[in-house]
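Structure first, commentary second.
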Amino acid sequence: MTEIEKYIPLVGQSIIDDLQLLSERLKGKVIQHINSSPVGGGVAEILNRMIPLLKELGVDTKWDVIKGGEQFFEVTKKFHNALHGRAEEITQRDFEIFMETSQQNIESVDTYGDIVFVHDPQPIALIKKKAANKWLWRCHIDVSNPNERVWGFLMDFIVQYDSAVFSAPAFSRKLPIRQFLISPSIDPLSDKNKELPQEIIDSVLKKYEIKKDKPIITQISRFDRLKDPIGVIEAYLQVKKYINCQLVLAGGTAEDDPEGFKVLGEVKEKAKNDPDIHILLLSQNDIEVNALQRASDVIIQKSIREGFGLTVAEALWKGKPVVASNVGGIPLQIKHKYSGLLCHSIEGASFAIKQLLSSPAYAKKLGENGREHIKNNFLITRHLRDYMLLFLSLYHPEDIVHLG
Ligand code: UDP
């Protein structure tokens, strides 16, 4: 059985047939993805799963990563935060640092693809190399309320692309180029999401010295202020006044995220007096993430800003009740009181967690609805179809792709 055929029991034959039909139309085209980190964070997560499947479907797909030093990634992290609407002091020197590294990448990165698919702001300036090929800019950030100076700076590049792609309708911007709305996805068959035997789940809990004697509340996220790990601890502490429970805050750091260790230090400081708070620094171990999500009674994602929030989809797919902030792509995944609970504050988060821990039948129902919603909308097979249609659309400016 090929890898792609393994999805048939989950999504049905016709979806896989569509993928095969679309991929035939892309024969002869080279798709080149470019981003800034091979591991860590949602973008790398998706590309790692998607590229082998596209290749198997016969779409010649490559992935290149730009290079940058510490200063460059400090600047791009500031851009990232500012685009999410967070107050950041951006100096003229920051823009210069961005351009200096961009210039080095312009000189060293070969943009050989028939379609060059650039992810997020870090590699955006490569568009200066545009020749006869097609260029896509994929924005994974919630840019509904961006810092206008940073957005204005990026606009000079964005307008040179053939099309732009955003994750949710609310993120789209007024642009003179075509825009597509394509939400991210999870892979149900990856190590991160596949079914796991109970022994593996138990062995991961044992490794991290987490006992099953009280309910487990978990947030899996990079240690990043926009994921609000401190707010998660505060919400947990409020719950703990009423229900004896434990908290798992598990995360790694991404190569293009220099803030991680600083935030991790702050989180450890905040948690130091409570033995029921488990702070785990995971080193890209998908089975462990999977096991921790499956072992949890409630999953929380208390982000202050979010692109899409893959961790929410991952938890819902596992049938878990989720409490998550009403930001970014999260409300696409959670319909309040139907497929999870949305919150707007620490108090709201703790109230929702308490409700779920004390009403297991309600929590179970939300989890089941969540799984169904993810199955219908956010699996990688839908994402593959959308991307292939997007690629074809670059050669069909009339907005309709005839496949017959
Ligand atoms: N993740 C992981 N290990 C960690 C922290 C996060 O594998 O220690 C994964 C997580 O399971 C999810 C992705 O990284 O698949 C994060 O994507 P999301 O959209 O939630 O947030 P981002 O990091 O892109 O802001």
Study note, to complete from the structure: FRET efficiency for Tyr112 and Ala87 from the Cβ-Cβ distance with R0 = 30 Å, rounded to 0.05, comes out at 0.15
**Study point:** the stretch 225-375, accessible area per residue, ligands and nucleic acids excluded (1.4 Å, Å²)
**Key:** 39 Å²
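Which of the pairs Lys78/Lys335; Lys77/Lys214; Lys227/Lys268; Lys6/Lys320; Lys194/Lys268; Lys272/Lys354 have their Cα atoms more than 26 Å apart in this structure? Could the numbers behind the result be given before it?
Working: Lys78/Lys335 31 Å; Lys77/Lys214 37 Å; Lys227/Lys268 15 Å; Lys6/Lys320 24 Å; Lys194/Lys268 31 Å; Lys272/Lys354 23 Å.
Violating the 26 Å limit, Cα to Cα: Lys78/Lys335; Lys77/Lys214; Lys194/Lys268.
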Review point. Along its principal axes, what span do the Cα atoms of the chain show, with the longest given first and each in whole Å?
Key: 63, 54, 35
Practice item. Would you mind calculating the relative contact order of the chain from Cα pairs under 8 angstrom and at least 6 residues apart, reporting the percent as a whole number? Key: 17 percent
**Study point:** Normalised convex hull volume, the stretch 21-131, alpha-carbon set, Å³ per residue
**Key:** 113 Å³
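Roll a 1.4 angstrom probe over the protein heavy atoms and tell me the percent of accessible area of the chain that is carbon or sulfur. Spell out each step's value before the answer.
Details: 8680 of 16900 Å².
Answer for the chain is 51 percent, counting heavy atoms of protein chains only.
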Review point. What do you get when you divide the Cα radius of gyration of the stretch 245-404 by 2.2 N^0.38 Å, with N the number of residues?
Key: 1.21
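Using a 1.4 angstrom probe on the protein heavy atoms only, line up Trp63, Trp151 by accessible area, largest first.
On the way: Trp63 65, Trp151 10 Å².
Per-residue accessible area, sorted high to low, gives Trp63, Trp151.
So if R0 is 56 Å, what FRET efficiency would Asp156 and Asp202 give, r being the distance between their Cβ atoms, rounded to the nearest 0.05? Intermediate results must be reported in sequence, preceding the final value.
Values: r = 54 Å, r/R0 = 0.96.
That pair, Asp156 with Asp202, gives E of 0.55.
Mind putting a number on the dipole of the stretch 307-384 about its Cα centre? Charges go on the C-beta only, +1 for Lys and Arg and -1 for Asp and Glu, and I need it in Debye to the nearest 20. Working shown, then result.
On the way: 10 positive and 4 negative charges, 44 e Å.
I would put it at about 200 debye.
Within the set of other residues whose C-beta is less than 12 Å from the C-beta of Asp60, count the net charge using Lys and Arg as +1 and Asp and Glu as -1. Let's see the in-between values first.
Working: positive: Lys27, Lys29, Lys55, Lys62; negative: Glu56, Asp114.
Residues close to Asp60 contribute a combined charge of +2.
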Review point. What angle do you read, to the nearest 10 degrees and between 0 and 90, between the alpha-carbon axis of helix 229-240 and the longest principal axis of the chain?
Key: 30 degrees
Practice item. Please report, in debye to the nearest 20, how large the charge dipole of the stretch 246-318 is about its Cα centre when each Lys and Arg carries +1 at its beta carbon and each Asp and Glu carries -1 there. Key: 220 debye
Practice item. Keeping every protein chain in place, order Thr91, Thr61 by accessible area at 1.4 Å, biggest value first, i.e. largest first. Key: Thr91, Thr61
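With only Lys, Arg, Asp and Glu charged, each at its Cβ (+1 for the first two, -1 for the last two), find how big the charge dipole of the chain is about the Cα centre; round to the nearest 20 debye. Mind showing how you got there, number by number?
On the way: 51 positive and 53 negative charges, 208 e Å.
Rounded to the nearest 20 debye, it is 1000 debye.
Below 13 angstrom from the Cβ of Ser359, what's the summed charge of the other residues (Lys, Arg +1; Asp, Glu -1)? Could you put the intermediate results ahead of the total?
Values: positive: Lys337, Lys354, Lys364, Lys365; negative: Asp297.
Combined, the nearby Lys, Arg, Asp and Glu give +3.
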Point to revise | Net lengthening on full extension, Asp60/Asp286 (0.36 nm per residue, minus Cα-Cα) | key: 78.7 nm
Practice item. Could you state the angle between the C-alpha long axis of helix 70-83 and the longest principal axis of the C-alpha atoms of the chain, as a value from 0 to 90 degrees rounded to the nearest 10? Key: 80 degrees
Point to revise | All lysines inside 20 Å of Lys129 as judged from Cα atoms, apart from same-chain residues fewer than 8 positions distant | key: Lys29, Lys62, Lys67
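Which of the peptides 76-83, 323-330, 368-375 is most tightly packed, and how do the rest follow, judged by the mean count of other Cβ atoms within 10 Å per residue? Mind dumping the intermediate values first?
On the way: 76-83: 22.6, 323-330: 24.9, 368-375: 18.9.
Going by the mean number of other Cβ atoms within 10 Å, highest first, we get 323-330, 76-83, 368-375.
Ranked from the most accessible area to the least, with a 1.4 Å probe and all protein chains present, what is the order of Asp120, Asp202? Please report the intermediate quantities before stating the final value.
Values: Asp120 20, Asp202 55 Å².
The ordering from most to least exposed comes out as Asp202, Asp120.
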Exercise for review: Could you work out how far apart the two model spin labels at Asn326 and Phe180 are, taking each label as a point 7 Å from the Cα in the direction of the beta carbon, and quote it in nm?
Suggested key: 3.2 nm
Point to revise | Over the chain: helical MRE at 222 nm, DSSP H runs n ≥ 4 each giving -39500 (n - 2.57), nearest 500 | key: -13500 deg cm²/dmol
Exercise for review: From zero up to wherever the largest Cα-Cα distance of the stretch 66-167 sits, split into 10 Å bins and tell me the percent of pairs in each.
Suggested key: 15, 50, 31, 4
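The values are calculated or read from the model by the stated rules, or taken from the named source; none is laboratory data. Please read all numbers here as calculations on a predicted model, not as lab measurements. In this analysis, Cβ positions are derived from the backbone assuming ideal geometry, glycine residues included, and neighbour counts consider all displayed protein chains. Ligands, DNA and RNA are stripped out before the accessible areas are found, and what is left, the full protein with its side chains, is counted by its heavy atoms. Shrake-Rupley method; radii C 1.70, N 1.55, O 1.52, S 1.80 Å.
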